[in-house]
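First up is the structure itself, then whatever we jot down about it.
The numbers here are math on the coordinates, done by the rules we state, and not lab data. Quantities reported herein were computed from a predicted structural model and do not represent experimental measurements. In this analysis, Cβ positions are derived from the backbone assuming ideal geometry, glycine residues included, and neighbour counts consider all displayed protein chains.
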Amino acid sequence: MKRITLIVALAAAALALAQPTAAADYPSKTVTVVVPYPAGGSVDGVARILAYKLGETFSATFIVENRAGGAGGTVGANTVAKAAPDGYTLLLTASIHVITPFLFKNIPYDVVSDFTPISLVAAGPLVVSTAPNISANNLKEFFDLVREHPERYTFATSSFGSAGHLAVELLKRQAGVNTLVIAYKGAGPMLNDIMAGQIQLIADPMLSSLPLAQSKKIKALAITSVERVAAAPEIPTVEESGMEKLEFASWYGLWGPKNMPPDLVAKIEQQTAKILADPDVKQRLSTLGFEPRPLAADKFAQFIAREMATYSGIIKDANIKME
């Protein structure tokens with residue numbers, strides 16, 4: 001009996017060695033990179049750069065599929081959470097993905113256990129802007145106006161719980177004001193309203209805000225990095241704008257469904273790191289206001305845990321209520 005068991009075990013081991021690993025022939029068909037937001041936004045911009053270069057690197061087809069809807073991009077994320085862990089359905093999204101558990105009820109997945117972290121991709125500071133008809137030229141002057149006539153001011157965010165939302169809450173806490181923050185469904189309508197003077201303060205990725213600031217359609221007051229950025233050297237840091245030093249970024253990562261084989265994760269992560277080291281990719285991301293930030297899967301998981309702890313503290317301190 002023992003001999004038969006040993007023979008069966010050896011045969012199974014030999015079969016396993018004879019079969020290709022999950023990563024060996026990957027990808028042999030089209031890979032879908034799900035973006036849980038409409039086309040044209042900052043997440044979509046990063047995703048399209050990465051998907052195009054992954055397609056080149058793997059000599060395969062990588063497509064971006066925009067699946068907008070749900071609080072914090074939950075519709076698109078849920079598509080990936082329920083997909084097969086074979087690497088043919090991936091998720092590229094922003095930091096709001098790991099903020100959603102603190103802010104929304106009845107999310108149909110667990111942001112940690114139902115996904116496989118593959119790589120951090122990019123990060124970029126936010127532009128803090130006001131309406132063009134506001135007289136303030138820096139954040140100190142702006143918040144002085146708010147304290148003088150609080151009833152005249154409304155702040156906004158492109159999405160409840162986004163990096164922009166939390167940045168505005170941090171600035172509110174610094175300034176000692178309790179101004180209402182309106183949550184829009186996307187950057188487009190929010191930007192339209194700040195250009196029209198209907199709202200008076202936002203924090204938004206450079207991709208969507210910088211062209212408007214440079215054309216004077218909105219007024220940029222500060223950028224949420226500790227140093228000025230090359231893409232917009234005219235915009236002062238938060239500290240230079242009269243407030244305490246603030247470093248706060250919107251970041252973007254790549255995930256797969258849970259239980260992806262480690263060799264497959266490593267293959268995708270390694271190619272992603274090579275792509276992000278390419279000077280052309282660095283330049284394209286820089287033009288959009290982002291810096292490449294590749295992190296291996298295990299380091300990315302650790303990064304997520306630290307970020308979630310930070311976000312939880314911000315939300316608690318700002319008394320942001322779950323929707």
**Rounded to 10°, Cα long-axis angle of helix 42-58 versus longest principal axis of the chain** = 30 degrees
**Request:** Enumerate by residue number the GluC sites (Glu not before Pro) in region 148-227 meeting two conditions: DSSP loop (anything except H, G, I, E, B), and at most 13 other Cβ atoms within 10 Å of the site's Cβ.
**Result:** GLU227
**Request:** Take the alpha-carbon centre of region 34-86, take the same for region 299-323, and report the distance between them in whole Å.
**Result:** 23 Å
**Complete:** With no solvent term and unit scatterers on the alpha-carbon positions of region 27-140, Debye gives log₁₀ I(q)/I(0) at q = 0.20 Å⁻¹ of -1.09
**Asked** Among the lysines, which have Cα under 27 Å from the Cα of LYS29 when same-chain residues fewer than 8 positions away are ignored?
**Response** LYS53, LYS82, LYS258, LYS267, LYS274
**Request:** Order by neighbour count: LYS282, LYS316, LYS53, fewest other Cβ atoms within 10 Å first, most last.
**Result:** LYS316, LYS282, LYS53
**Item:** Footprinting exposure proxy for ARG293, ARG147 (fewest neighbouring C-beta atoms within 10 Å first)
**Value:** ARG147, ARG293
**Complete:** Full extension between ASN106 and ASN259 adds, at 0.36 nm per residue less the Cα distance, a length in nm of 52.8 nm
**Item:** Set of aspartates and glutamates near LYS216 by C-alpha distance (under 14 Å), chain-local residues within fewer than 8 positions excluded
**Value:** GLU234
**Asked** Taking the Cα-to-Cβ direction at ASP317 and at ALA24 and moving 7 Å from each Cα, how far apart do the two end points lie in nm?
**Response** 5.2 nm
**Asked** Taking the convex hull of the alpha carbon atoms in the chain, what volume per residue do you get, in Å³?
**Response** 137 Å³
**Item:** Residue with peak Gaussian network fluctuation, the chain [Cα springs, cutoff 10 Å], from THR157, THR61, THR93
**Value:** THR61
**Request:** Pull up the DSSP beta bridges for the chain and report the antiparallel fraction as a percent, rounded to 5.
**Result:** 65 percent
**Fill in**
Helix 163-175 sits off the longest principal axis of the Cα atoms of the chain, rounded to the nearest 10 on a 0 to 90 degree scale, by 40 degrees
**Request:** Within region 265-292, find all residues whose amide N lies under 14 Å from a label point positioned 7 Å from the Cα of GLN214 along Cα-to-beta-carbon.
**Result:** 284-290
